[in-house]
1. Please verify whether segment 3-12 includes one or more residues that are over 9 Å from the mean Cα position of the chain (by Cα), surrounded by 13 or more Cβ atoms within 10 Å (Cβ to Cβ) and either at pLDDT below 90 or of a type in the set (A, V, I, L, M, F, W, C) (or both).
2. Among the residues of segment 37-62, which ones are assigned to a loop (DSSP other than H, G, I, E, B), modelled with pLDDT of 95 or more and surrounded by 11 or more Cβ atoms within 10 Å (Cβ to Cβ)?
3. Of everything in segment 13-35 that's surrounded by 11 or more Cβ atoms within 10 Å (Cβ to Cβ) and among the charged types (D, E, K, R), which residue is nearest to the chain's Cα centre (by Cα)?
Amino acid sequence: MCPHQTPCPSAEATDRDAARVVACFPEQGWSLLCNGVIVFEDTGELLPDGRTIAPHRGPARHALAA
């Protein structure tokens, strides 16, 4: 259970990335969030139950130019 006020979103919530970082390992490219989600620098995620979320970055700014 999240000890923060207002509580962090759960690992099942669509805004799970808004949870607070409790451990950060930039040299390894990942961070652990308060809700148990591991987020990677490429925006991929590993959920506490072992499911993975593919990276979900948007397109590069230069790719949006018409």
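1. Checked against the condition, which is being over 9 Å from the mean Cα position of the chain (by Cα), surrounded by 13 or more Cβ atoms within 10 Å (Cβ to Cβ) and either at pLDDT below 90 or of a type in the set (A, V, I, L, M, F, W, C) (or both), segment 3-12 yields at least one hit.
2. Across segment 37-62, the qualifying residues are Val37, Leu47, Pro48.
3. Taking the candidates together, the pick is Asp17.
The values are calculated or read from the model by the stated rules, or taken from the named source; none is laboratory data. Model, not experiment: these values are computed from the prediction. Cβ coordinates were reconstructed from backbone atoms using ideal geometry, including for glycine residues, and neighbour counts include every protein chain displayed.
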